[in-house]
Amino acid sequence: MVTTDWADPSEPTDWSAHRAALHPEGTLWTTLDDTDDPDPAFHTRWYFYADRRPWQRGCLDPLLRAVADDTLPGIFVTDTELTHIHHPYDGGADVILPTPEERDRLRNRHSAWLSTHPSGY
């Protein structure tokens, strides 16, 4: 389980209280500075917090609700090797799989879930 938080890179920050309440077991795993935009006002530092947890029905419900309500910047549900990643966001989700074959099997099995855009994305 990975949750994210963000801040202006010039302002040191700790995790937000809301994210910490939803993911108290998460420990800082890594940070990423997004400074590609020429305007410093649009620079962002992303914080990634991770933990390992056994799957139990409903264990992610509060996090998924926060993402759907757009009150949490993002979460990633993944295996420990980071080869199967589910990234929900308000309005949808991305699934990253290790092979095109796995991607195609999942797409075919859940075709009703795809976007109505002609590309399926």
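The values are calculated or read from the model by the stated rules, or taken from the named source; none is laboratory data. Computed from a predicted structure; not experimentally measured. Glycine gets a Cβ as well: all are built from the backbone with ideal geometry, and neighbour counts include every protein chain shown. Just the protein is used for accessible areas: all its heavy atoms, side chains included, with ligands, DNA and RNA removed. Shrake-Rupley method; radii C 1.70, N 1.55, O 1.52, S 1.80 Å.
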Selection within segment 24-44 - within 15 Å of the chain's Cα centre (by Cα) and more than 21 Å from residue 81 (Cβ to Cβ): 31
Among all residue pairs at least 6 apart or on different chains, which show Cβ distances below 9 Å where the first residue, located in segment 88-107, is part of a loop (DSSP other than H, G, I, E, B) and the second is of a type in the set (D, E, K, R)? 90/69; 90/70; 91/70; 97/103; 97/105; 98/81
Can you name every residue in segment 94-114 that is of a type outside the set (Asp, Glu) and touching a strand residue (DSSP E or B) at 6+ places or on another chain (Cβ under 7 Å)? 95, 96, 106
So residue 77 ticks every box in (1) outside any loop (DSSP other than H, G, I, E, B); (2) closer than 20 Å to residue 7 by Cα but one. Which box is left unticked? (2)
Does residue 52 count as touching a residue at least 24 places away in the same chain (Cβ under 8 Å), more than 17 Å from residue 89 (Cβ to Cβ) and exposed (fewer than 12 other Cβ atoms within 10 Å of the Cβ)? yes
Whichever residue in segment 58-93 is surrounded by 12 or more Cβ atoms within 10 Å (Cβ to Cβ) and among the charged types (D, E, K, R) and, among such residues, is farthest from residue 116 (Cα to Cα): 65
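Can you name the residue in segment 108-121 that is open to solvent by 50 Å² or more (accessible area, probe 1.4 Å) and assigned to a loop (DSSP other than H, G, I, E, B) and is also modelled with the lowest pLDDT among such residues?
The selected residue is 121.
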